[in-house]
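The values are calculated or read from the model by the stated rules, or taken from the named source; none is laboratory data. These figures come from a predicted structure and were not determined experimentally. All Cβ positions, even for glycine, are placed from backbone atoms using ideal geometry, and neighbour counts span all protein chains on display.
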Amino acid sequence: MRLLICMLVLLPLSGCMALHTSVAKGKLDVQTRMSETIYLDPVEPELRTIFIDIRQTAAEYQLPLADDVRALLLSRGYQLVDSPQQAQYWLQVNVRTVLKERPEVVLASGEYNMSPEQIHQLLYPGIALPEPEPERMASQRRASNVAVYADATYGTNIDGKDIARALVVLAAWAGAEYVGNQLVQDKYYTMLTDIQLAERIAPDSIGMVQESSRQQLKQGDSGNIELLWELATDRRKYQVKVVSFANKANLSWSDAEQPLHQGLLRSLAGIF
């Protein structure tokens, strides 16, 4: 009987996780992080010419990023040109993908393959990485949980009817928990953007910029071809990644797209 009473007391707590999510994640949280800071050399106003190449390979992202970037640059006094050779700057942007995952999961997998320390430094700059729980303390905590369980059940007479009632209550508890979690979900959208920026070096610079690259092309299951090339150019190039993420209970992409778009524009504006 004691077992049944304990489970009946715990049953109302089955929706606590869903209630906590709906309250704690009730407001939309949108954040944007750039992997590195880019510093451009200042130039005279008449030299503020820029060639832009905006691409959107993420199928979900449909907002007019190219038009908004053009308007942003024009408002800051830059002249847009169609010829890359005549431009002082090149701005190349690709909104590569949108995933329904937490940013930590996205950055730890795939081509990013970042360590927990690198992920924390990018997403939470200036905040120390939490110390992992020592194994000794974790073992003590598990032992205390076992002790509490053993103390709570020691000397309790449980007959077949109590077990049957407990199983019914447990099934109802699990069902309520499942329904609650389905109705209130902690949803994330993470958007990844690649940016490459080039600026022409000063005419009186000594020498050219030496650019080298290495690429491996797979051939079949086991072979590959390695390509190496070098180039003397008059431009310095910078590459950064922008990680944007939105989080809210039961968040939909239609609610997340515009705030993520605005965050990306603000990051681009920060470069210029």
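Structural remarks
- Checked against the criterion of being touching a strand residue (DSSP E or B) at 6+ places or on another chain (Cβ under 6 Å) and either over 16 Å from Val243 (Cβ atoms) or in contact (Cβ under 8 Å) with a residue 24 or more places away in the chain (or both), the candidates Gln62, Gln88 yield just one match: Gln88.
- Whichever residue in the stretch 185-231 is without any contact (Cβ under 8 Å) to a residue 40 or more places away in the chain and touching a Phe, Trp or Tyr at 6+ places or on another chain (Cβ under 8 Å) and, among such residues, is nearest to Asn247 (Cα to Cα): Ser213
Residue-wise test of (1) surrounded by 13 or more Cβ atoms within 10 Å (Cβ to Cβ); (2) closer than 21 Å to Ser267 by Cβ; (3) modelled with pLDDT of 95 or more.
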site	(1), (2), (3)
Glu46	no, no, no
Ile50	yes, yes, yes
Gln56	yes, yes, no
Ala59	no, no, no
Glu101	yes, yes, no
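- Of all residues making up the stretch 61-81, the number that are assigned to a loop (DSSP other than H, G, I, E, B) and surrounded by 15 or more Cβ atoms within 10 Å (Cβ to Cβ): 4
- Scanning the stretch 82-106 for residues that are assigned to a strand (DSSP E or B), of a type outside the set (Ser, Thr, Tyr) and closer than 22 Å to Pro42 by Cα returns Trp90, Leu91, Gln92, Val93.
Conditions tested, residue by residue: (1) surrounded by 10 or more Cβ atoms within 10 Å (Cβ to Cβ); (2) in the same structural domain as Gln121 (by TED's automatic domain parsing).
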| site | (1), (2) |
| --- | --- |
| Asp204 | no, yes |
| Ser213 | no, no |
| Ile225 | no, no |
| Glu230 | no, no |
| Leu251 | yes, yes |
| Ser254 | no, yes |
| Leu260 | yes, yes |
| Arg266 | yes, yes |
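- With respect to the conditions (1) in contact (Cβ under 8 Å) with a residue 24 or more places away in the chain; (2) assigned to a loop (DSSP other than H, G, I, E, B); (3) within 21 Å of the chain's Cα centre (by Cα), Val30 lacks only one, and its number is (2).
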